[in-house]
Structures are given as C-alpha cells and as structure tokens.
Amino acid sequence: MGEFKDQGGAASMSPSPIFRWLSSKVISRFSSLEAQLKRHKLAEKERQNSNLDHCIEYFHQVEDGYSYLASQCLERLVKKYNVRIQCHLVSGPIGKNSAEPDLLLKLSAYDSSLIASQYDLTFPRYQSLPKPRLIDKAKAILAKQTSEQLTLLLPIVSKALWEGDESLLMRLADEYGAASSDEVAKIIEIGSNWQKKLKHYSGAMFFYGNEWYWSVDRLHHLEKRLRALNLDNFPADGLAFPRPNINFAPSPRAETLTLEIYPSLRSPYTGVIFDTAIKLAKSKGVKINVRPVLPMVMRGVPATREKGFYIFSDAAREARDQSIPFGNMYDPIGDPVRNCYSLYPWAKSQGKEIDLISAFLKAAFVDAINTNRLSGIRKVVESAGLNWQEAQTHLGNNDWEAILEANRLTLYKSGLWGVPSFRLLDPNQQELLSIWGQDRLWLVAQAIDNYLV
C-alpha cells in the first residue's frame, strides 16, 4: 500500500553547515509576518496601479474531494465580498509534488465527508471514489465553460459526480455542452501551467494577491485579508468560513480511549501543533501514545522548493493565527533528527519521550537552535529534563529505526502517510478516527466527545 523504497532506515540528508544555516535564514524570513505583509502591500499597490478589480483565482481538480468542498464556497464568497472569481481546471499535484497521489485522493474524500457539515457544506458519506467514466464526463462538461459559468456549474457538476448521478451529468452535458478529450486535456494543461507559473501544484487552491489559500480550511485567512481591504459586504455577519474551535473541556467517557499522535521532527506542521495535541489529550483524559516517524524526505520522498516554501509559510501563518510561537527555524534535517531519535528509546524509558520531542521541535522551529551541533542537542536534552551525561551514552545508536518503521507501517495501514497524523482508538484498540493534519484537532476533540461507551 504505497511502500517507499526506503524502509525506515536513516537516509543521507545532511546538508553542509553553510547551506543549512543559509536556507534556514531564507525560509524563516520569507515566512515571517513582516514579509507576508510586505507581499500583501506590494500586491495591492500593483493592483491599484494596473486599475484591476479584486480577483480571486481558483484552481479546481475535478476528482479531488477538497475541490468539491471548495467549489461550494465560490458563490458564498462572491456574495459576501466585493470580488470576482476566475476559475481554472488543473491536474493536481504530480511528480515530486505528489508523494502518494492515490492515497491523497482517498483521503480527500474521507476527510471531506467528515468536515463538510462544520462549514455548512455537503459531501456524500465516503464509500468509494467516483468512477473514471463519470470523472471524464464531468471534466468534459466543465472544460466547455467560461470562467463565469464555472463559478456556478462547478458545485452542480461536482455534486452529480460525487453522488454518482450519471443521468444528471448527461443532462448537464446536453444543456451546457461537453468538450472533446483533446479539448479537456488542453484546458487542464493551460490551467496547470498557469498554476505552476504562480508557484503552486495542488487542487482546491485559491490565489489572491501573491498568496495561496487551500480549500475551505484556509479561507478564514483570505477572508480576514479581504475584510482588512473593506471588501466585506456584510461585516456584521463575521467570517463565512471561520476556523473551527477546539473543545478542550474534559470528556467523562474518554479515559478508556487512546490517542495516537504521529509527529516528525522536521515537520513544520508538527512544530505548530504538537504541544496543543498533547494539551488536548491531557485535558480530555485520553491515554497518549506518541509514535514518531521519519521526515518524508528522509524516507526517500522528494519535495520541490515551491512545496517547501509553501508548507513552511502556511505553517507560520497558521501558528500566528492561533498565537503559537513558531517561525524562527534552524533546519534539523539529517543528523540532528537521527541524533534525537537515537535518544528516543532511552527518553521513553524515563517517561520523557513527549518532553524530548517537544523540546526538539521548539529548538528547531521557535528558537533556531543549531541541533547539528552537540551543544544544540544538549540544550534539547536538558530542556526535556534529561541528564546530558547519561544521554551521551545513548547518542548515535540505531535502536530507534525499528520503532519508527513500525510506526510508519501502522500509519500506512490506516491510509495515512504524512504528519502530524492522529488515530483515536477505542478500548479494544479499534480505530474510531484516523486523520492527518494539524488543522484537524477540532475533529479529534469531537470524536472523543461523541464516543459512547
């Protein structure tokens, strides 16, 4: 099920000291609030100088569940804000930007079915992905439309597609027309090339003023920006797509449940949410089982420069929105990650594995400590409440590799591969929920609260 060539061993990922330092500085500065506001200001100045209207570009991947959710947001955005939406059809992530395309499509459907109602959207209960012939029919209908028509037809066609309503798709094709396969390929190629030029790679993406917003989950960022520009037609109504709140209140039925947390020591999103996930588990009263995995690039999964910059800047934006310290990075890829994981079994025997991971993430993503040096690892160890002298006797062993590989395989069996991921287990260790993403803790909290003994 999507096995990597690297089976959990320590891949060679050790950049030179100068490159590690320079790349860390560049990406930290790029992702800062100051840089973000500067980009916003420049984009607005260019718009005014060119006498252009406020235009949100939307990139739709027909077979992607998140795109179906996003398509339902278009009309609501146009009504609430003084903006125009220009729609594009795209192929979705390919090549080095797509680690597990098949798993991603399945996850997009499963995840969308869980979160849709939170945003007053609809999505069929996930059973299977749309049939290929229906996907082709939907693409043919959509490729025939103008951008203005797409704003209205995307949710209608997507609903028919995801509900498997072939007769409705046929009627829509008769009414609105359908492009040939060659025309479809050309339209999708044009949209994908334009998105690539704008330095992104994924479906369900909104682009406004040099910044990207992913599906319904990031629209609250876009809305706040539009409101700051006085574009909200109904400001008293608040945001149309607010961030869901995480319910930290204790849950009386939670003590028999186990929350498995899958972090990675080089994951920006893990850096943002790890401490909050631990706080949630403790406040709810569930058992905690932290199951770390190797960073994806150390598992042989490549990533482009564009993807790396987007992920880190998005994580920094998410952290700022939640008032979580984050953004001053010193890249821990390679030896720092391996060294910390070599201490993990020992730290766990001391009941300090959570403290070790938390301290390392803080060093890497908040305090910009160079963990490639022993002095940096020492700061991590001592911040975790562990003895440095004893730690050195465990530093560099490879006992951790089998542990992390077992964690990775468990993650894959649940249809997940990225981090941070969460698995909520019942008293019999059966899955109640398996989900990926730092922005899904509210869903984890709901699953805990909804559990019936």
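No lab work stands behind these numbers, since they all come straight from the coordinates. Just so it is clear, the model here is predicted, and its values are computed rather than measured. A quick note on method: Cβ atoms are made from the backbone with ideal geometry, for glycine too, and the neighbour counts reach across all protein chains shown.
A few remarks follow.
- Remark: the Cα gyration tensor places region 65-149 in the oblate category, a/c being 1.5 or greater and a/b not exceeding b/c.
- By the compact-protein rule of thumb, 2.2 N^0.38 Å, the alpha-carbon radius of gyration of region 254-449 corresponds to a ratio of 0.98.
- When peptides 173-180, 92-99 are ranked by their average number of other Cβ atoms within 10 Å per residue, the highest-first order is 92-99, 173-180.
- Difference of contour (0.36 nm per residue) and Cα-Cα distance, Lys38 to Asn387: 121.2 nm
- The calculated 222 nm mean residue ellipticity attributable to helices in the chain amounts to -15500 deg cm²/dmol, summing -39500 (n - 2.57) over DSSP H runs of n ≥ 4 and dividing by all residues.
- Our Cα-only numbers for region 33-237 put the radius of gyration and Dmax at 17.0, 52 Å.
- For region 33-237, size of Cβ-based charge dipole, Lys and Arg +1, Asp and Glu -1, in debye: 560 debye
- 5 angstrom amide H check on Gln86, placed H, neighbours 5+ away: Ile56, Glu57, Tyr58
- Centroid-to-centroid, using Cα positions, region 316-372 and region 192-268 are 24 Å apart.
- 3J(HN,Hα) along region 388-399: 5, 4, 5, 4, 5, 6, 9, 5, x, 6, 10, 4 Hz, from the Karplus curve 6.51 cos²θ - 1.76 cosθ + 1.60 with θ = phi - 60°, whole Hz, x for Gly and Pro.
- The protection proxy used here, the mean number of other Cβ atoms lying within 10 Å of each residue, ranks peptides 411-422, 304-315 as follows, highest first: 411-422, 304-315.
- Principal semi-axes in Å for region 201-264 [√(5λ), Cα gyration tensor, largest first]: 33, 19, 8
- For region 254-449, DSSP calls about 70 percent of its internal beta bridges antiparallel.
- Here the simple spin-label model places points 7 Å from the Cα toward Cβ, and for Ile190 and Ser16 these points are separated by 4.5 nm.
- Cα gyration tensor, region 100-146 - rounded (a/c under 1.5), prolate or oblate: oblate
- Relative contact order (%) - criterion: Cα under 8 Å, at least six apart; region: the chain: 21 percent
- Loop-located trypsin sites (Lys or Arg not before Pro) across region 353-397 with a Cβ neighbour count of 15 or fewer within 10 Å are Arg373, with loop assigned by DSSP.
- Other residues with beta-carbon under 14 Å from the beta-carbon of Tyr330 carry, at +1 per Lys or Arg and -1 per Asp or Glu, a net charge of +4.
- A simple spin-label model places pseudo-atoms 7 Å from Cα toward Cβ; at Glu148 and Gln429 they are separated by 6.1 nm.
- Antiparallel content of DSSP bridges confined to region 33-237, in %, to 5: 55 percent
- Estimated dipole of region 308-419 in Debye, rounded to 20 [Cβ of Lys and Arg +1, of Asp and Glu -1, Cα centre]: 40 debye
- Sorted peptide list for 208-215, 344-351, criterion being average Cβ within 10 angstrom, highest first: 208-215, 344-351
- Cα-centre dipole for the chain with unit charges at Cβ (Lys and Arg positive, Asp and Glu negative), debye to 20: 980 debye
- Measuring between alpha carbons in the structure, the pairs from Lys196/Lys279; Lys80/Lys131; Lys41/Lys196 lying more than 31 angstrom apart are Lys196/Lys279; Lys80/Lys131.
- Charge sum, other residues only, whose C-beta stays under 15 Å from Ala178's C-beta, Lys/Arg counted +1 and Asp/Glu -1: 0
- With each label modelled as a point 7 angstrom along the Cα→C-beta vector, the Asn245-Leu409 pair spans 4.4 nm.
- Kirkwood hydrodynamic radius of the chain, from the reciprocal of the average inverse Cα-Cα distance over all distinct pairs: 23.3 Å.
- Potential lengthening of the chain between Asn289 and Phe30 amounts to 89.8 nm, from the contour at 0.36 nm per residue minus the alpha-carbon distance.
- Calculated FRET efficiency for the pair Arg125/Ala402, C-beta based, R₀ 51 Å, to 0.05: 0.85
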